[in-house]
Every structure is written in structure tokens, then in C-alpha cells.
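Worksheet: the structure to be examined is printed underneath.
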Amino acid sequence: MANPSKARGTRWESAIRDYLNGVLEYSHPTDWRLVKRQAQEGAKDVGDLHAWPFILEAKDVKSPAVPTWLRQADQEAVNAGFPYGVVIHKVRGKGPALARVHITAETYDRLMVACPEAHAAVAPDSYSPRFRYWTWTLADFAEVLRAVRQTESLDIGTFAQPDLRLFAE
């Protein structure tokens, strides 16, 4: 791969995928729960990884821009037809388990309505009142993902899409 930034991003996406599939014990290639890397879609990007019902936007950069990334993740969730978008930001010098997973307060609230078990699994570590987002570690997010997927009502109809007005210019 000629572009070093793209290669670094690909390695980070693969590390996230491998970590989540390993921790959650998803290995069969036809398992719908398998976390999968996505091909680039151009103008209608659908996120870096799919982990139903989440779009995962992977970021391996020094300078965080979390609010911008969260808008991107929410728009990509809409593009892909998924209810939730989150950002997974690599923490320098740490493994995937300690990466930071950010979710907007609005998305978190929708998740709690659809799946209250997710909060019982692991409450977020911190909240940014200025930018209105919650944060977990990737290890904690894996438990949230497990809880959401074990919900008896796991049905696309129970998960509301983001408010499209959030993306209006």
C-alpha cells in the first residue's frame, strides 16, 4: 500500500475487527454477528466496520476531532441503514482494548430506549457536556455490543434511525 496513512488506518480497522470478533467469540464466516471491514463506498460512505446494529468509524490520528467524527459516523449509519454510529479512536501506545469509543448523547439515548440492557452491561466511562458525547473503552463497548445483540427484541424495526435534520447544512 503506497499511502502510509491509509495503511495505518487499515491496520487499525483490522485490529478492531479482530479484537471484537475474538472477545465476542465470533469466528464462523457466515455468522451474521461477525464484525466486518467494509469496502470504501465513495460519496455515500457506509463506515469502516459493520457490527450490527453499529457502524464503527475507526480513527488512528494524534489530534482528536471527536464531534466532527461523530457527525461523520452518524451520517454513515444513515447511509448504511444502521441505527447507530460510533467512533473508535486509538490511544497511542495502548492495545485495542483501551481504545476510546465515542457515541453522541442523542444516539446513546436512542440506544437506551431500544435496549436498556446495554446500560446495565457497562455504563460509559465519561461524558463531554460541551460536545454532548459519551465514551467507553473498546473492551466495555464489546460488552455493550454483546448485550444489545442478546436483546430478545433485536429487530431493525425497534431501532430508530438518527434524526436526519442533524446533518442539514
If you take the residues of the range 10-54 that are assigned to a helix (DSSP H, G or I) and at pLDDT below 90, which of them is nearest to P83 (Cα to Cα)? K44
Hits in the range 114-146 - residues which are aromatic (F, W, Y) and in contact with a His (Cβ under 8 Å, 6 or more places away or on another chain): Y133, W134
Taking the range 100-120 as the search range and keeping residues that are within 12 Å of the chain's Cα centre (by Cα) and of a type outside the set (A, V, I, L, M, F, W, C), which one is surrounded by the most Cβ atoms within 10 Å (Cβ to Cβ)? H102
Would you point out the residue of the range 6-58, among those that are more than 16 Å from E76 (Cβ to Cβ) and touching a Phe, Trp or Tyr at 6+ places or on another chain (Cβ under 6 Å), that is surrounded by the most Cβ atoms within 10 Å (Cβ to Cβ)? L34
Elements of type strands (runs of 3 or more DSSP E) contained in the range 67-147, each with 1 or more residues being charged (D, E, K, R): 100-104
Residue among A97, A123 that alone is modelled with pLDDT of 95 or more, surrounded by fewer than 16 Cβ atoms within 10 Å (Cβ to Cβ) and not β-branched (V, I, T): A97
Are any residues in the range 1-59 within 14 Å of F141 (Cβ to Cβ) and acidic (D, E), and if so, which ones? E57
The listed residue being surrounded by fewer than 21 Cβ atoms within 10 Å (Cβ to Cβ), without any contact (Cβ under 8 Å) to a residue 40 or more places away in the chain and touching a helix residue (DSSP H, G or I) at 6+ places or on another chain (Cβ under 8 Å), out of R132, R92: R132
Expected single match for without any contact (Cβ under 8 Å) to a residue 60 or more places away in the chain, at negative phi and not hydroxyl-bearing (S, T, Y) among A51, A15, A80 is A80
Tell me, yes or no, whether the range 62-69 has at least one residue that is among the basic types (K, R) and surrounded by 19 or more Cβ atoms within 10 Å (Cβ to Cβ). no
Filter result (farther than 21 Å from V35 by Cα, of a type outside the set (S, T, Y) and in contact with a Phe, Trp or Tyr (Cβ under 8 Å, 6 or more places away or on another chain)) within the range 125-144: D125, W134
Could you tell me whether A139 is surrounded by fewer than 19 Cβ atoms within 10 Å (Cβ to Cβ), modelled with pLDDT of 90 or more, within 14 Å of the chain's Cα centre (by Cα) and not charged (D, E, K, R)? yes
Is it fair to say L145 is more than 23 Å from P64 (Cα to Cα) and buried (at least 23 other Cβ atoms within 10 Å of the Cβ)? yes
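The values are calculated or read from the model by the stated rules, or taken from the named source; none is laboratory data. Since the model is a prediction, treat every value here as computed from it, not as a measurement. Ideal geometry is used to build each Cβ from the backbone, glycine not excepted, and the neighbour counts take in all protein chains shown.
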